[in-house]
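Accompanying notes for the structure given below.
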């Protein structure tokens with residue numbers, strides 16, 4: 001073997017030794033890196049577990065807050081009423097049967113317009129109020145029917161019991177929570193000629209005009225504890241708060257005053273001069289317009305002692 005080949009062999013051996021040393025050195029460094037990666041992965045796993053746990057806690061809290069908000073919504077605008085959800089209702093109908101409410105889990109709160117349309121189309125108020133007999137049909141019957149009709153139509157409703165300060169017999173109506181006007185009480189009790197004289201005695205004007213007679217018995221109820229039970233015909237331009245009802249009462253009193261003044265002018269008179277007749281006719285037309293604005297002339301009820309709302 002020549003000297004050239006000998007040196008080449010020596011250099012090759014040296015290069016192999018150096019390469020092996022580098023590989024061994026790199027291997028010793030990779031192992032700690034792998035260990036560090038495993039540690040980081042373990043820490044990330046722990047962090048993910050904590051995040052999952054925190055997320056679960058947040059979801060539980062969110063659900064609790066949502067439930068609490070739903071409960072608060074039930075009490076909104078109730079002004080001291082007793083609100084119950086899913087509670088057993090203890091009420092008897094006219095035939096002494098128990099009130100049976102049919103709930104619709106998919107029913108939702110309506111808008112004011114949707115509620116108006118429903119009440120206008122619904123025929124609950126057309127049934128007469130019958131106190132005695134086998135076909136007795138009283139306020140609890142009306143409230144049950146309107147509740148079930150509304151829920152069937154997908155409109156969320158409540159059954160309401162109103163108790164008076166000086167009357168041991170309560171009164172049953174309904175409530176709806178509108179999305180744009182809040183809580184609305186509805187009294188759909190039908191026409192009664194014997195027990196509750198809701199309508200003030202008729203007033204006779206020329207041509208036998210009678211005022212204050214409602215076209216139907218759909219009524220908005222105005223309830224506030226310690227205040228008289230108020231009613232207003234559906235379709236008037238008043239609001240739904242008790243202050244709106246007080247304004248209706250003031251307007252009704254103004255109407256009564258103008259009617260009294262008119263009646264004094266025409267009392268026991270058969271003939272009047274043409275000019276005066278025309279003036280009286282203008283007054284009569286004005287009274288017609290005022291009466292149309294007021295709707296049905298419903299009497300105020302007893303002072304309200306307590307209110308129970310069953311959703």
Looking only at the range 148-181, count every residue that is outside any strand (DSSP E or B), out of contact with any helix residue (DSSP H, G or I) (no Cβ under 8 Å at 6 or more places or on another chain) and crowded, with 17+ Cβ neighbours inside 10 Å and tell me the total.
2
Being in the same structural domain as residue 228 (by TED's automatic domain parsing) and in a loop (DSSP other than H, G, I, E, B) is the requirement here; does residue 269 meet it?
yes
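The values are calculated or read from the model by the stated rules, or taken from the named source; none is laboratory data. Predicted model only: the values in this text are computed from it and were never measured. Here Cβ is always computed from backbone atoms with ideal geometry, including for glycine, and neighbour counts include all displayed protein chains.
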